[in-house]
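Student: Provided herewith is a single structure, encoded as structure tokens, for subsequent inquiry.
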Amino acid sequence: MNDRRETFDGLGSQLDAKAAKVRMRKDARAVRAAAAVQWPDACNVLARYADALPSVSVVGFYMPIRDELDPRPLAFATGAALALPATDGTAMTFTLWRPGDPLEKSAFGVPEPSGEEVVPDLLLIPLLAFDAQMNRLGYGAGHYDRYIARHPMTLRFGVAYAAQQRDDIIVEPHDMPLHGIITEQGLSRGL
């Protein structure tokens, strides 16, 4: 675990951490948007690193929204069965998916499949920012953290532009670190 993982005592510290994360998310969105413009072909570059990932049966990934780095070429290049997330607002699950299978917009505006629920062996996870200790800053809903807590053996790799790395990620006790990060510059491993 990260030695920067903080324990927040009292409501004041929790509110301070939440406010800092809100500011950090705003800054991180701007950095990611700029990186997406600078690296329009980054998703195809990621596919070159598929062989660096562990060989698994099922890869869970996400359909990109806004300026998220598109993990599809990387996921397809693994040769594994594919699964996409679905959430009921609190709990996230993964459903087997093949290109061409129908998707419907969720309450969050994210395309989701319907079908057979599976537990992926490896997850490709979106993020706003990450640090060298493989901590990630997500959107704040905690869907991936709760999913990982329920499935701790699932390998987890963040998908990001290298520019999204920063050294001031606020880590709270419920935040789950990654096994690695994949950027247009390559794969970095942690844990």
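Student: From the helices alone, meaning DSSP H stretches of at least four residues, give me the mean residue ellipticity at 222 nm for the chain, per-run term -39500 (n - 2.57), in deg cm²/dmol to the nearest 500. Could the numbers behind the result be given before it?
Tutor: Numbers: 4 runs with 48 residues, N = 191.
After summing the helix terms and dividing by residue count, I get -8000 deg cm²/dmol.
Student: Work out, step by step, the length gained on full extension between Val37 and Gln185: first 0.36 nm times the residue separation, then minus their alpha carbon distance; give nm to one decimal. Present the calculation step by step, with values, prior to reporting the outcome.
Tutor: Numbers: separation 148, 0.36 × 148 = 53.28 nm, distance 1.60 nm.
Net length gain for the segment: 51.7 nm.
Student: Counting only DSSP beta bridges with both residues in the chain, tell me the antiparallel percent, nearest 5.
Tutor: Details: 16 of 30 bridges.
Roughly 55 percent of the DSSP beta bridges within the chain come out antiparallel.
Student: Just want the ordering: Ile181, Ile148, from fewest to most Cβ atoms lying within 10 Å of their own Cβ.
Tutor: Numbers: Ile181 25, Ile148 19.
Arranged by neighbour count, lowest to highest, Ile181, Ile148 become Ile148, Ile181.
Student: Compare the peptides 22-34, 75-87 by average per-residue count of other Cβ atoms within 10 angstrom and give them in order, highest first. Walk me through the numbers before you get to the answer.
Tutor: Details: 22-34: 14.4, 75-87: 19.8.
Top to bottom by mean Cβ count within 10 Å: 75-87, 22-34.
Student: Lys/Arg Cβ at +1, Asp/Glu Cβ at -1, dipole of the chain taken about the Cα centre: which of Ser55, Leu178, Gln164 is farthest positive-ward?
Tutor: Most positive-ward Cα: Gln164.
Student: Would you kindly derive the ³J(HN,Hα) couplings of the range 69-76 from the backbone phi angles with the Karplus curve 6.51 cos²θ - 1.76 cosθ + 1.60 (θ = phi - 60°), listing them in order in whole Hz, with x for Gly and Pro?
Tutor: Computed from phi, the couplings for the range 69-76 are 5, 6, x, 4, x, 5, 4, 4 Hz.
Student: Straight-line reach from Lys105: which lysines fall under 26 Å, measuring Cα to Cα and dropping same-chain residues less than 8 apart?
Tutor: Within the straight-line limit of under 26 Å, Lys105 reaches these lysines: Lys26.
Student: Bin by bin, in steps of 10 Å, what percent of the Cα pairs in the chain do you find, going until the bin that has the longest distance?
Tutor: 9, 37, 39, 14, 2
Throughout, read-outs are computed from the coordinates displayed, never taken from laboratory work. Keep in mind that this is a model prediction, so the values were computed, not measured. For neighbour counting, all protein chains shown are included, and Cβ atoms are generated from backbone atoms with ideal geometry for every residue, glycine included.
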